[in-house]
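The next block holds one structure in the form of structure tokens; read it before the comments.
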Amino acid sequence: MSRYEVKWLDENAVIIKGTIDENFVFDDEVAKFKDSVTIDLQGVDRINSCGVREWVKAIMKTEAHLVFKNCSSVIVSQFSMIPEFLGKNGKVESFETQFICEHCGHEEAKVLQVGKDIQPGQELYEDGPEVTCPECGETMECDHNPELYFSFLSDAS
Ligand SMILES: [Zn+2]
């Protein structure tokens, strides 16, 4: 049983949600890709190694310019390990990052815009961008290992 959903908004924009696993079939969708396609991945909450394999196999078949938007943290974790995840002409526009406030314990996921909230092309990301806690006003910490989590941005300039 498939636990994912693929929804086309128009011929250049698609939303993918749910679980990307061994039941994920993406070839037919990729065959529909035109010159450029925006892929919204905010709703992807789980991906396993079989899903990654299916994804890469399909996405590497297209020459289309791909813009990855609202990538969830499970997706971002793949970028640093598997560069092919973005396909041949892929670019990340925005992605989710989890922040935690060490002062009051508040946790929040923020969508960071590449080039605005965080700059691409740094050799090493020792820290996330500054985010103010909406609860207590202190600075929130990035709840990932920034060196690893943001490493895909090093090659993204
Ligand atoms: Zn706080």
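Please count how many residues of the range 1-39 are among the aliphatic types (A, V, I, L, M) and touching a Gly at 6+ places or on another chain (Cβ under 6 Å). Write out each step before concluding.
Our first condition is that a residue be among the aliphatic types (A, V, I, L, M); within the range 1-39, this holds for 1, 6, 9, 13-16, 20, 25, 30-31, 37, 39.
Those left that are additionally touching a Gly at 6+ places or on another chain (Cβ under 6 Å): 20.
Result for the range 1-39: 1.
A Cβ distance below 7 Å, combined with a sequence gap of six or more or placement on separate chains, defines the contacts here; from the range 110-137, residues that are among the hydroxyl-bearing types (S, T, Y) reach residues that are not in a strand (DSSP E or B) in the pairs Y125/P146; Y125/E147; Y125/F150; Y125/S151; Y125/L153.
Here is a yes/no grid of residues against (1) of a type in the set (F, W, Y); (2) in contact with a Gly (Cβ under 9 Å, 6 or more places away or on another chain); (3) closer than 21 Å to I82 by Cα:
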| residue | (1), (2), (3) |
| --- | --- |
| G105 | no, no, no |
| A109 | no, no, no |
| G115 | no, no, no |
| T139 | no, no, no |
| P146 | no, yes, yes |
| F152 | yes, no, yes |
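With the requirement that a residue be over 16 Å from V44 (Cα atoms) and either within 16 Å of the ligand (Cβ to nearest atom) or in contact with a strand residue (DSSP E or B) (Cβ under 8 Å, 6 or more places away or on another chain) (or both), what does the range 68-92 give you?
Taking the range 68-92 first, the residues over 16 Å from V44 (Cα atoms) are 80-84, 87-91.
G87, N89, G90, K91 - these are the residues of the range 68-92 that are over 16 Å from V44 (Cα atoms) and either within 16 Å of the ligand (Cβ to nearest atom) or in contact with a strand residue (DSSP E or B) (Cβ under 8 Å, 6 or more places away or on another chain) (or both).
Mind listing just one residue for me: the one in the range 31-51 that is buried (at least 19 other Cβ atoms within 10 Å of the Cβ) and hydrophobic (A, V, I, L, M, F, W, C) and, of those, farthest from A109 (Cα to Cα)? It would help to see each step written out before you state the result.
Filtering the range 31-51 for residues buried (at least 19 other Cβ atoms within 10 Å of the Cβ) gives 33, 37, 39-41, 44, 47, 51.
Subset that is hydrophobic (A, V, I, L, M, F, W, C): 33, 37, 39, 41, 44, 47.
Details: F33: 30, V37: 25, I39: 19, L41: 14, V44: 14, I47: 19 Å.
Per the stated criteria, the residue is F33.
Among the residues of the range 28-43, how many are within 21 Å of S73 (Cβ to Cβ) and free of Cβ contacts under 8 Å to residues at least 40 places away in the same chain?
The initial filter retains those residues of the range 28-43 that are within 21 Å of S73 (Cβ to Cβ), namely 38-43.
Checking the rest, the ones that are also free of Cβ contacts under 8 Å to residues at least 40 places away in the same chain come to 39-41, 43.
Number satisfying all stated conditions: 4.
Within the range 10-21, the set of residues being in contact (Cβ under 8 Å) with a residue 12 or more places away in the chain, in a strand (DSSP E or B) and among the charged types (D, E, K, R) comprises just one member, K17.
All conditions but one from (1) without any contact (Cβ under 8 Å) to a residue 40 or more places away in the chain; (2) β-branched (V, I, T); (3) closer than 21 Å to F152 by Cα apply to V25; the one that does not is (3).
Table: residues versus (1) over 18 Å from S72 (Cα atoms); (2) surrounded by 12 or more Cβ atoms within 10 Å (Cβ to Cβ); (3) within 14 Å of the ligand (Cβ to nearest atom).
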position: E96; (1), (2), (3): no, yes, no
position: F99; (1), (2), (3): no, yes, yes
position: V114; (1), (2), (3): no, yes, no
position: Q119; (1), (2), (3): yes, yes, no
position: D127; (1), (2), (3): yes, no, no
position: E130; (1), (2), (3): yes, no, yes
position: M140; (1), (2), (3): yes, yes, yes
position: L153; (1), (2), (3): no, yes, no
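Residues of the range 1-26 that are aliphatic (A, V, I, L, M) and more than 20 Å from N70 (Cα to Cα): M1, V25.
The set of residues in the range 22-79 being under 17 Å from the mean Cα position of the chain (by Cα), acidic (D, E) and outside any helix (DSSP H, G or I) consists of D40, D45.
Bear in mind these aren't lab numbers, they're just calculated from the coordinates by the rules spelled out. A quick note: this is a predicted structure, and the numbers were derived from the prediction, not measured. Here Cβ is always computed from backbone atoms with ideal geometry, including for glycine, and neighbour counts include all displayed protein chains.
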